[in-house]
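> Please find one structure pasted underneath; my questions will follow.
The values are calculated or read from the model by the stated rules, or taken from the named source; none is laboratory data. Bear in mind the structure is a predicted one, so any value in this text is a computation, not a measurement. Neighbour counts are summed over all protein chains in view; Cβ atoms, including those assigned to glycine, are modelled from backbone coordinates with ideal geometry. These accessible areas exclude ligands, DNA and RNA; they are computed on the full protein's heavy atoms, side chains included. Shrake-Rupley method; radii C 1.70, N 1.55, O 1.52, S 1.80 Å.
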Amino acid sequence: GTGSGQERSVASNSATVLTVSSAWSVEPDTSSYFVVAESSWHTGATTRTSPIAFDVQNRTGEIVHISGRSANVNDKECSYELSPLTRWQIGSSGSLSTDADVPGTPVFGLHEAGRGTVELLGIGFESLTNTRTITAATLTIHYWNELASPSAVTLGAAVAAEDSYIDLAVAGPGSVGSIIQLESEILRVSEVLNDATRYTVERGIHGSTPAAHAAATPVYHLQKKVFIVPFSRDFFGSAYSGNYSYPIYLPDVRIASAEMFVTNVRGDSETGTALFTLTTDRGLRTLSGGQFSIQVEGYLAIQSDVAPPVVVDASHSVRDVFAVVREAPAGGPIELRLRQDSSAYCTLTIPAGSTVSSTVHGFELAPLSSGASISLDILSVGLSSAGCPGKDLTVTIRL
């Protein structure tokens, strides 16, 4: 650029300052650039006693490296390698808008949003101190893949609440550090023994409670997935933070627990945990959404392959299965059997005088396999001599 009346002054020792005392006139369509560069260390201050003070430019958030060098009576300094080096962020004294320490431990929640999605929300802190420069949260989700249900590993013997080990009926895939779930309890494997048929375990982690478990209880070896969630400066405490949610697509799993820590300019917070095994499903089931329906019009009769089979488009875990009729059976129940290919999948019963069957919970069922055919058999109907055998049947498989 070009200008007139330019005045430049350089402050010795502590910092270099560029001042302009009159207006600049810039040629049309011409850009102006200038650079202030420091190529070496500068003496900040010299003292014989502590403390020592010196000036730096007030640029909040910028980093200053300070090297303390001792000198003898001849002003000969010690070597750089033997001198302490301190990294200091401007504004970290607490009087300026930055964080002086790592954040506090976060609390958070997960919400089933449907169609395979779970939302991270409700992030909070006991105090907003040291939360201004939080830039990210690291979320670890521990879950069971429902496409692998039911678990092939079970307890080989009963476990008391105070036991420090568990015995398995078959060798398990666990390793040191693995997270497993027994009913509502979360455990961590600390040692693998007896050809992987015995684990030494840490009981009741992630806020769960050690409890007794019967022999043959399913053992769920949990997988984990890590998500990095970004935040802008000064987000926490703003009007937006109260309505914050972060969607995570993780279909067909059951989430047992989660861990999260946040990071600001000072470092990482302590890790907060959230437990979800105290729900009816003993976890948050993300599923995949949608449903399959098989319909039979008119009065019912005992029959195999009562309707055209439904072909499964992709593998899915099942939320539940139930059946309804428009007219209730009389004199006896309607009994139904669903088949996946040639294997029985589940049975349903509509009691006499009722139009709705009992509901079969899907977590203990095997997943529906991609390309499989789902067929329906009617095993019994109401007695025609007593009235209606049942009419207009719909069987629903919710995903």
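> With a cut-off of at most 13 other beta carbons within 10 Å, and DSSP calling the residue loop, which trypsin sites (Lys or Arg not before Pro) in segment 54-163 qualify? Please list them.
Details: sites: ARG59, ARG69, LYS76, ARG87, ARG115, ARG132; in loops: ARG59, ARG69, LYS76, ARG115, ARG132.
Passing both the DSSP loop test and the Cβ count: ARG59, LYS76, ARG115.
> So what does HIS65 come to for accessible area, using a 1.4 Å probe and Å² rounded to 10?
For HIS65, the solvent-accessible surface is approximately 90 Å².
> With charges set only on the Cβ (+1 for Lys and Arg, -1 for Asp and Glu), what does the dipole of the chain come to about its Cα centre, in debye to the nearest 20?
The calculated dipole for the chain is roughly 220 debye.
> Now for a different question. Testing the spin-label approximation: label points 7 Å from Cα along Cα→Cβ at VAL226 and THR43. State their distance in nm.
4.8
> First compute the accessible area of segment 169-208 with a 1.4 Å probe, then give the percent of it belonging to carbon and sulfur atoms. Walk me through the numbers on the way to the answer.
Values: 780 of 1680 Å².
Carbon and sulfur atoms account for 47 percent of the accessible area of segment 169-208.
> Quick one: with all protein chains in place, what share of the accessible area of segment 220-327 is carbon or sulfur, to the nearest percent (1.4 Å probe)?
49
> Per residue, what accessible area does the chain have, given a 1.4 Å probe and all protein chains present, in Å²?
Working: 21970 Å² over 399 residues.
I get 55 Å² per residue for this part.
> Another question, then. At a Förster distance of 41 Å, what's the computed FRET efficiency of GLU202 paired with LEU147, Cβ-Cβ distance as r, to 0.05?
Efficiency, rounded to the nearest 0.05: 0.90.
> Where does the charge balance sit around ALA323 when Lys and Arg score +1, Asp and Glu -1, over other residues with C-beta under 14 Å from its C-beta?
Residues near ALA323 contribute -1 overall.
> Take the alpha carbon gyration tensor of segment 197-326, find the square roots of its eigenvalues, order them as a ≥ b ≥ c, and report rounded if a/c is under 1.5; if not, report prolate when a/b exceeds b/c, else oblate.
Verdict is oblate for segment 197-326.
> I've got another one for you. Projected onto the charge dipole of segment 79-201 (+1 at Lys/Arg Cβ, -1 at Asp/Glu Cβ, origin at the Cα centre), which of THR140, SER83, VAL192 gives the Cα projection farthest towards the positive end?
Of the listed residues, the answer is SER83.
> Among ALA239, LEU120, SER354, pick out the residue whose Cα is farthest towards the positive end of the charge dipole of the chain, where Lys and Arg carry +1 and Asp and Glu carry -1 on C-beta, about the Cα centre.
ALA239
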